[in-house]
């Protein structure tokens with residue numbers, strides 16, 4: 001049975017709903033960021049006290065904490081999944097409904113409409129023109145209507161569909177994240193058994209000879225990485241003076257190190273990391289940069 005069209009909503013209320021939803025969901029996402037921050041800080045502290053060639057299980061993105069954050073971010077896209085009413089829509093008495101039947105929109109439809117939040121500036125403009133139906137609503141077959149607790153239908157929440165939609169967007173976010181070049185670089189792992197002692201000593205002697213006035217160096221070269229056909233080069237440079245406090249000096253030294261490494265290996269044949277470390281009596285500083293592909 002089709003329901004009578006709900007009372008139209010005005011642009012001010014819809015924009016207010018969008019802003020409130022963004023504030024509420026940002027706060028929720030921040031709560032999910034806490035584990036990532038704790039893991040990331042712990043990893044940084046641990047690395048600071050034990051500078052070594054060992055690959056830390058805590059990448060720049062915060063390791064397992066990052067996936068917890070992604071799950072929290074997934075909630076942003078599923079915010080209307082419970083009877084078409086997010087926190088802001090409950091406050092402002094609005095509801096996302098199926099455009100044809102007038103019944104509360106399903107979790108799937110709510111997920112589809114909220115994917116368009118990625119282009120929120122465009123959606124905000126469309127909402128000013130047509131408060132009831134932004135682009136996401138047109139694609140998902142939904143609209144936003146006023147909510148009256150006395151007359152609005154209250155079908156049971158489809159929890160299965162809600163959790164499935166949450167899992168789908170989470171997996172999509174994970175897939176997109178893993179496809180980012182910067183994330184993949186953080187995840188490069190060398191094969192421990194492929195350690196090449198001869199090449200390690202050779203590159204170490206080369207760097208020590210040309211840069212001896214600036215640093216002491218330790219090098220490890222691995223012939224294999226878990227995914228790919230490149231060598232992995234790990235370089236630790238213990239600085240004789242704290243060049244890291246001067247951006248220009250630090251940058252020049254970084255380029256000198258790169259030049260020596262690329263004189264020994266073609267850039268496209270390696271991947272790896274260089275740690276420039278200064279350890280004073282009361283001062284510890286470290287700068288990390290990537291080399292190779």
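Only residues that are in contact with a helix residue (DSSP H, G or I) (Cβ under 9 Å, 6 or more places away or on another chain), at pLDDT 60 or above and either surrounded by 17 or more Cβ atoms within 10 Å (Cβ to Cβ) or over 30 Å from residue 86 (Cα atoms) (or both) were counted in the stretch 30-53, giving 3. So for the stretch 199-209 (the condition being more than 20 Å from residue 51 (Cβ to Cβ), in contact with a helix residue (DSSP H, G or I) (Cβ under 8 Å, 6 or more places away or on another chain), surrounded by fewer than 19 Cβ atoms within 10 Å (Cβ to Cβ) and not assigned by TED's automatic domain parsing to the domain that holds residue 54), does at least one residue qualify? Yes: the stretch 199-209 contains one or more residues that are more than 20 Å from residue 51 (Cβ to Cβ), in contact with a helix residue (DSSP H, G or I) (Cβ under 8 Å, 6 or more places away or on another chain), surrounded by fewer than 19 Cβ atoms within 10 Å (Cβ to Cβ) and not assigned by TED's automatic domain parsing to the domain that holds residue 54.
Does any residue of the stretch 97-104 turn out to be in contact with a strand residue (DSSP E or B) (Cβ under 7 Å, 6 or more places away or on another chain) and in a loop (DSSP other than H, G, I, E, B)? The answer is yes, given that some residue of the stretch 97-104 is in contact with a strand residue (DSSP E or B) (Cβ under 7 Å, 6 or more places away or on another chain) and in a loop (DSSP other than H, G, I, E, B).
Return yes when residue 77 is modelled with pLDDT of 90 or more, assigned by TED's automatic domain parsing to the domain that holds residue 130 and either out of contact with any strand residue (DSSP E or B) (no Cβ under 8 Å at 6 or more places or on another chain) or within 21 Å of residue 172 (Cα to Cα) (or both) and no when it is not. Criteria met by residue 77.
I need the full set of residues from the stretch 227-241 which are farther than 14 Å from residue 190 by Cβ and either surrounded by fewer than 16 Cβ atoms within 10 Å (Cβ to Cβ) or without any contact (Cβ under 8 Å) to a residue 24 or more places away in the chain (or both), in order please. Walk me through it before giving the result.
Going residue by residue through the stretch 227-241, those that are farther than 14 Å from residue 190 by Cβ are 236-241.
Scanning the stretch 227-241 gives 238, 240, 241.
What residue, among those in the stretch 92-136 that are under 18 Å from residue 169 (Cα atoms) and more than 27 Å from the chain's Cα centre (by Cα), is surrounded by the fewest Cβ atoms within 10 Å (Cβ to Cβ)? The extreme case among them is 106. With respect to residue 178, is the statement that it is surrounded by fewer than 16 Cβ atoms within 10 Å (Cβ to Cβ), assigned to a helix (DSSP H, G or I) and at negative phi true? So residue 178 passes the test. Based on this model, can you work out whether residue 157 counts as in contact with a helix residue (DSSP H, G or I) (Cβ under 9 Å, 6 or more places away or on another chain), loosely packed, with under 15 Cβ neighbours inside 10 Å and not in a helix (DSSP H, G or I)? Spelling it out, residue 157 is indeed in contact with a helix residue (DSSP H, G or I) (Cβ under 9 Å, 6 or more places away or on another chain), loosely packed, with under 15 Cβ neighbours inside 10 Å and not in a helix (DSSP H, G or I).
The values are calculated or read from the model by the stated rules, or taken from the named source; none is laboratory data. Computed from a predicted model, the values in this text were never measured in an experiment. Every residue, glycine among them, receives a Cβ derived from its backbone with ideal geometry; neighbour counts consider all protein chains shown.
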